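To start, the structure itself, in structure tokens.
Taken together, the values in this text are just the output of simple stated rules run on the coordinates, not laboratory data. Nothing here was measured: the structure is a model prediction, and the numbers come from that model. In this analysis, Cβ positions are derived from the backbone assuming ideal geometry, glycine residues included, and neighbour counts consider all displayed protein chains.
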């Protein structure tokens, strides 16, 4: 397919279709409305179904029901809407249902504003709902990567029988960039047949498939939890993704940033490097599982670490855990929908190099 | 070319209306007579609107009519009353940036009592690299829906096919040819070809049959372009 100029939200919608998803349940909220809008137009063209539910609570429970049939299902929302979905997300994790959820984060807390933010990191990675569960969480930094990760997310959801969450700040949903979809789509790994799907008991050899997260017997529930934990351990082993920038060279400061703000940092790095400041960056793409080891190894080559986020400081907790006090960690964050500028990052890195960075 | 007092830019969602509106407003200030007023009627998308160039426009003496205060950031269908004022003011050039698709153009319809036919032109901006308007059929169908919602005939087509930083002269000209076909199907003229200034020379060298609008792209995300001045908004680089 020739390259198209696509808004992030459109590319995410098209990616879901390319991944074979034919069922979308959602409720509109800025800044991701163009995802449901695009799918409301496209899904009927490919024999799919688009449902605008009466709320995010309804949409997420429709997702639960539809996922139980083994079909590929999808919803998208933005921060407050994702909060409303947390109960169903916990149920889906408990019932081991493969679903893909996109959160185009806006500024909070509460209704907040509609401009870009990354304030849902903790909600995404540390369990937004109740119980011991994990979502696989992926964070793109461009429209192309958003499209690629959404396609992959459907495979990962099926492979692990687990909800996969793709998070982007508002810019990922709203900016336009050239996108190319490959014509020869193939799953990233062999996917097991969905013998668990509840598609009707025919009376033959197929066992009854019951989609459930209620286990009243504590011994049975503990065994269920242990199985889930074993699955999360497998994700931690296999699904760590990140991108490094200048990690092979020598550097004094390591930047850790994800999403579009990592691109602001890249712009800052160009300016710093031109002035002889030695700086590198690591960009986590999987937020859970977090690339702790890679961050630690990269940090050990630097004398200081700078975490940049569009939040008051959330991912920084994972950086602290990864570093275990090995290096001083500095922070630069903007909130409320304000974007960090390259100038701010340049200034902050210079201060760190001069020993005026301030500790986190 | 765009020789009406009131120039309305309409078109499908993401076709480049806001960027073109900013350009025309800033270019118009250089001509004799009164500086144009830029009316941002985008009630469709919440980001990357022409109002994000507010500070730059003010510095350059171009008045911007858009929702005031914190409503500047709202995604609400706000049509401020000053719009009718400038449309009724004879001798006041107006550039109007409509929102995308027929949803955005409905606003134009609501202003039909102050938009006199003789002095108003509604131009369709087309980018054939956008996914939902990638064919002549799709563009013509969209144009008819826009025209119906705006309750106004389309005056002409402005060809604006590009792929942002990955644009080449071939991409521009390929889209331009399709825009010509679409214009003929709609029974109107292809009035101009908009192209980023860095490619204007290459495109002109290939021989183009309509006036060329060389655009200095101003609405960019924050990470784009390290050394340029950033003059506006919490979000957007308008350099």
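Here each label is just a point 7 Å from Cα along the line to Cβ, and for residue A:278 and residue B:70 those points are 4.8 nm apart. Shape descriptor for the protein assembly as shown: Rg over Rh equals 1.00 (Cα atoms; Rh from the Kirkwood inverse mean 1/r).
Taking the average, over residues, of other Cβ atoms within 10 Å as the packing measure, peptides A:334-346, A:212-224 rank A:334-346, A:212-224 from highest down.
Label positions at residue A:248 and residue B:153, each projected 7 Å from the Cα along the C-beta direction, are separated by 6.4 nm. Counts of other chain beta carbons within 10 angstrom of each beta carbon in peptide A:333-342 average 3.
Working from Cα pairs under 8 Å separated by at least six residues, relative contact order for segment B:6-221 is 23 percent. Taking Cα centroids, how far is segment A:136-197 from segment B:77-114 in Å? One Cα centre to the other: 41 Å. Annotation for residue A:212 and residue B:205: the two label points, set 7 Å from Cα along the Cα-Cβ direction, are 7.3 nm apart.
Counting neighbouring Cβ atoms within 10 Å and putting the fewest first, the residues A:74, A:154 line up as A:154, A:74. By how many degrees, 0 to 90 and rounded to 10, does the Cα axis of helix A:218-238 deviate from the longest principal axis of chain A? Tilt of helix A:218-238: around 50 degrees.
Net length available on complete extension from residue A:226 to residue A:293 is 21.7 nm, with 0.36 nm assigned per residue and the Cα-Cα distance removed. Across peptide A:32-41, the mean count of Cβ atoms from other chains lying within 10 Å of each residue's own Cβ comes to 2. Each peptide among B:59-65, B:112-118, A:262-268, A:305-311 gets the average number of other Cβ atoms lying within 10 Å of its residues, and from highest to lowest they stand as A:305-311, A:262-268, B:59-65, B:112-118. Tell me whether segment A:298-355 comes out rounded, prolate or oblate; compute the Cα gyration tensor, take square roots of the eigenvalues as a ≥ b ≥ c, and use a/c under 1.5 as the rounded threshold. Since a/c reaches 1.5 but b/c is at least a/b, the shape of segment A:298-355 is classed as oblate.
Once you sort the root eigenvalues of the Cα gyration tensor of segment A:229-297 as a ≥ b ≥ c, which label holds: rounded (a/c under 1.5), prolate (a/b larger than b/c) or oblate (the other case)? The shape class here is prolate.
Extension gain for the segment residue A:54 to residue A:219, taken as residue separation times 0.36 nm less the Cα-Cα distance, is 55.6 nm to one decimal. Helix A:8-18 and the longest principal axis of the C-alpha atoms of chain A enclose an angle of approximately 40°.
Neighbour counting of Cβ atoms within 10 Å sorts the residues A:76, A:303, fewest neighbours leading, into A:303, A:76.
Summary value for chain A: 17 percent relative contact order, contacts being C-alpha pairs under 8 angstrom separated by 6+ residues. With contacts taken as Cα pairs under 8 Å and at least 6 residues apart, segment A:80-185 reaches a relative contact order of 36 percent.
The mean number of Cβ atoms from other chains found within 10 Å of a Cβ in peptide A:104-113 is 1, as a whole number.
Note on segment A:243-353: Cα-Cα pairs beyond 20 Å make up 30% of the total pair count.
Angle of helix A:143-160 to the longest C-alpha principal axis of chain A, folded into 0 to 90 degrees and rounded to 10: 50°.
Summary of the geometry: segment B:146-177 and segment A:100-123, compared by the centres of their Cα atoms, lie 34 Å apart. For chain B, the antiparallel share of DSSP beta bridges with both residues in that region comes to about 5%. The ranking of A:234, A:10 by Cβ neighbour count inside 10 Å, starting from the fewest, reads A:234, A:10.
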